[in-house]
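The values are calculated or read from the model by the stated rules, or taken from the named source; none is laboratory data. All of these numbers come straight from a predicted model, not from anything done at the bench. Quick reminder, even Gly has a Cβ in these numbers, built from the backbone with ideal geometry, and neighbours come from all protein chains shown. Note: accessible area is taken over every heavy atom of the protein model, side chains too, but ligands, DNA and RNA are not part of it. Shrake-Rupley method; radii C 1.70, N 1.55, O 1.52, S 1.80 Å.
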Amino acid sequence: MNSSQDGNRTILATFISLFLGRVDELISLMQERFPELELVKEDCIETTWVESILLLGQLPNDTLDILLERSFRSPFFKSKSDYVKKPMPEIAFQGIWSQLLEEEGRTGTLNFVSYGGKMDEISETATPFPHRIGNLYKIIYIVAWQEEDNMESQIYISWIRKLYSYMSAFVSKSPREAYVNYRYLDIGMNDDGNTSYVQASVFGRKYFKKNFDRLVYVKTKTAPENFFKHEQSLSYVTEVPFVVVDLVHFRSVDIDVKNKIAWVQSGATLGIDGYFSGEGYGFLFQKYGLAVDNIIDAHLSMLMEELLTEIPWENICFGPFEEVDGVVLESSGMESKAGFCSSNCDGLSYVSKVPFVIVDLVNFRTVDVDVENKVAWVQSGAILGELYYKITEKSTILTFPAGVCHTVGIGGYFSGGGWGPLFRKYGLAADNIIDA
């Protein structure tokens, strides 16, 4: 922007917040907590929740019907994300300002989204979305351009990549975390549609941290043929590194002559566990049956229980994170893929080496709102704006804690966690899903 004093470009800092209450309550609170901002009543807009979505999303607010508009065009843009664990030093901001003042950065913005509240109360392993306690704020980097500048898009993309590289010293590390709904291929990708555990773990751990291995396990259980895939698909565990637990020291044999029984650990000679598991043929089988027929009890030792708790068997809340839901059809050697675009910031595509059919979920968009029980059933082809619109038809005081981009598809958006302006009070959209 241009300064009113001398016409030189300068930095504009804007504080935008959403307060659930009346303006007088907010002014009193801000005077106590953040007097430096010098907030006054004239700086505030009192509105309904659904109207705040239009304001925050920078949408025309003449009518709510725009929430039903699926083809609303926003500028072309490139975005990235970071998570900050420790306060950034002043020198970090000096470097940010210098890059924003570059010609290529004239349309660049950094959004600092404070964390805490409800997000600190939910375990990072409760759902696949791991960015919970320990984060001061998230940074969203955006650079935008109009259609007529598309020929020069690489200039803007190079600029945001340079800024992102500069920020590496001030943000989360090992891994450098990222929000999955702002996918970008710069942090890693699979080769030619083939998913590799080693390659996928590079970007997968940035998106999901320790939950990555659990999601790989789910992918292996639900889609071992890797039917749905794109440049950042999760892998399956045919290639995953593994640990061999040698049971050679688990070989105690305790014989109780009086009761004619024996306790035998599974590492005893001959490989008791494998031998018994294969039923255990012997010379006495015609008279007494197989070895397995004479086992009266079996249990895991405490040590083995501890080992097995490290293996992600069940209790995945939802996942894996693919922007695809629903239907699979196969006919005459053709592949079919169900799809609905979500936050597809890097133009990710679903790839196949054979011809395929896309099943568009656009007609699976019914939204049934139950005001009395404060729940709604939403089909995965609906967009976020349709959900808000249907809720507002039934109630002016109820809403759902999700984002302000009204054209994103419910299926992909919720699968990525679903960040929105109410997340510090109510958590993510995914945290408020009670059935699927």
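Structural remarks
- For peptides 170-183, 250-263, 18-31, 46-59, sequence by mean Cβ density within 10 Å, most packed first: 170-183, 46-59, 18-31, 250-263
- Relative counts (whole %) of C-alpha pair distances in the range 99-191, using bins that are 5 Å wide: 3, 10, 19, 21, 18, 13, 9, 5, 2, 0
- Approximate spin-label separation Thr48-Ile255, in nm, with each point projected 7 Å along Cα-to-Cβ: 8.3
- Nearest-10 value in Å² for the accessible area of Met189, using the 1.4 Å probe: 80
- At the residue level, Lys221 shows approximately 130 square angstrom of accessible surface with a 1.4 angstrom probe and all protein chains present.
- Over 19 Å between alpha carbons, listed pairs Lys80/Lys209; Lys118/Lys210; Lys374/Lys394; Lys118/Lys138: Lys118/Lys210
- Between Leu101 and Glu69, the FRET efficiency from the beta-carbon distance, with R0 = 41 Å, is close to 0.70.
- For Ser81, the amide hydrogen comes within under 5 Å of the amide hydrogens of Tyr141, Tyr179, counting only partners 5 or more places away or on other chains and with H modelled in the peptide plane.
- Candidate cross-link partners of Lys260 among the lysines, defined by an alpha-carbon separation under 26 Å and a same-chain spacing of 8 or more, comprise Lys287.
- Highest to lowest packing among 122-135, 60-73, scored as the average C-beta count within 10 Å: 122-135, 60-73
- Summed residue charge, Cβ within 14 Å of Val369's Cβ, Lys/Arg positive, Asp/Glu negative: -1
- At R0 = 41 Å, FRET efficiency that the Cβ-Cβ distance of Asp192 and Met151 yields, to 0.05: 0.90
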